[in-house]
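Reading through the structure tokens given below for one structure.
Please treat every number below as a calculation from the coordinates, not as lab data. Only a predicted model underlies this, so the values are computations on that prediction, with no experimental measurement involved. All Cβ positions, even for glycine, are placed from backbone atoms using ideal geometry, and neighbour counts span all protein chains on display.
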Amino acid sequence: MSRVHVTAAAVGFLLTSSAAVTAALPAFAGSGAPGHSHESFSAGVPGDPKRPARIVKVKMFEGSGKMGFEPARIEVRKGEQVRFVLENGGEEDHEFVLATVPENRKHAEVMKKNPDMEHDDPNAKRVLPHGNGDLIWKFTKRGEFEFACLIPGHYEKGMFGRVIVK
């Protein structure tokens, strides 16, 4: 087989493969990995960066076998928009995932199977060591919600907190 025929065959294979992958994409609509769609959120809705928001600084830390957030409890009003300013003062990556406790526990199990999964979703951010990030959220429902780091082992070391919406 000549070099031209081999190249043409390879291009044809790539085009066919690309079409198959593209055709499969709608099944994975939404941010993140397959099955990681965020069409609705239990804790409210993504905030609007063009609107005013109360700033809440949240520090992520680790040390002495423990990990956590400071503050670990935040109170907001229903309808309030909050800009969480995330500061990772630790030596490891950390996440801030906002959901209900059962949702976070379920997602933590998925993370155990996919430990390299990273979040940059409306309700979740991964922050690199000594890095910063932010998340803007509008709380549209009353109740108690959780923010947590779902990187395997972090939750178990105390890396979670509560948001109380009144």
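Checking the a/c ratio against 1.5 first, then a/b against b/c, what shape does the Cα gyration tensor give for region 111-166?
Since a/c reaches 1.5 and a/b is larger than b/c, the shape of region 111-166 is classed as prolate.
In whole percent, what relative contact order does region 85-166 give with Cα contacts below 8 Å and a gap of six or more residues?
It rounds to 39 percent for region 85-166.
If I model a spin label at GLU92 and LYS106 as a point 7 Å from the Cα along the Cα→Cβ vector, what separation in nanometres do I get?
So the two model labels end up 2.6 nm from each other.
Just to confirm my numbers, what's the Cα centroid distance between region 73-94 and region 101-149 in Å?
If you average the Cα positions of each part, the centres end up 11 Å apart.
7 Å from Cα along Cα→Cβ at both ASP116 and LYS157: what's the point-to-point distance in nm?
2.1 nm
Which percent, nearest 5, of DSSP beta bridges in region 45-165 are antiparallel?
Approximately 70 percent, going by the DSSP bridge assignments.
Give me the net charge of GLY89's neighbourhood, meaning all other residues with Cβ under 14 Å from the Cβ of GLY89; Lys, Arg count +1, Asp, Glu -1.
Summing Lys/Arg as +1 and Asp/Glu as -1 gives -3.
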